[in-house]
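S.K.: If you scroll down you'll find the structure; I have some questions about it.
Every read-out reported here was derived from the displayed coordinates using simple, explicitly stated rules and does not represent laboratory data. Source: prediction; values computed, not measured. A quick note on method: Cβ atoms are made from the backbone with ideal geometry, for glycine too, and the neighbour counts reach across all protein chains shown.
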Amino acid sequence: MKELTKRQSQILRFIQSQQDSEGMTPTFREIASHFRFSANAALAHVQALLNKGFLRNLPGRARSLQVSHPAAPKNQSRPRVVSIPIYGAIPAGIPQDAAQEEEVCVLIDVETLGFKPTTRTFGLKVKGESMLGKCIMDGDIVIVEHGLQPRPGDVVAALIDGEVTLKSFIMQRGKAYLRAENPRYPNLIPREELQIQGVMVALIRKRK
């Protein structure tokens, strides 16, 4: 097994600690900022860790690094971890114009998640308190599946009259609307359009 330099060992520990504490893989920019060197230097160090077998990329996902231990026995039981992209934030309050943010990833144990993610699975960071009645808090990450048919009561990421929000999907007399799970916030009745962008399938709460 190839040896690591002191700096490579430090970077590997940083990536592992970020995954353990935050549930997310740090970006090259975050690695560079933490160690106070350039993004190109961060890329070079990460590439060296990949070449030496201490990191591996999860296929089909952006910025998906996972710590790998070449010395571990091949038959060692390890949890199956998947990388799910986080496509910015979604208001759980007053709907807002959609704004694309820098994509990161969250690493999740499939058994903990309780279902098998697909290429249509993605995450959104919650901003606001309109869904407290369903224990969805500001700063949480909702895992959403695009393409599912929502059932009444499902929590959905929705585009309503050109603005995005996270609310409960409700049908009443054949018409759909969005319900807030906090009495401080109004229900939302579409004036022109209501598009369901995904149904929430899991919730992640970052540890303090």
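S.K.: Using the alpha-carbon centroid of each, what span in Å lies between the range 10-55 and the range 124-155?
M.R.: So the two Cα centres are separated by 30 Å.
S.K.: For the pair Arg205 and Arg7, what calculated FRET efficiency results from E = 1/(1 + (r/R0)^6), where r is the Cβ-Cβ distance and R0 = 22 Å, to the nearest 0.05? If you can, show how the numbers build up before the last one.
M.R.: Numbers: r = 33 Å, r/R0 = 1.52.
Efficiency, from the Cβ-Cβ distance: 0.10.
S.K.: Moving on to the next point. List the residues, sorted by chain then number, that are 5 or more residues from Leu148 or on another chain and whose placed amide H is less than 5 Å from its amide H.
M.R.: Here the answer is Val199, since their amide H atoms fall under 5 Å of that of Leu148.
S.K.: Using amide H atoms built in the peptide plane, which far-off residues or other-chain residues are under 5 Å from Lys167 H to H?
M.R.: Distant-sequence amide H within range of Lys167: Val156, Ala158.
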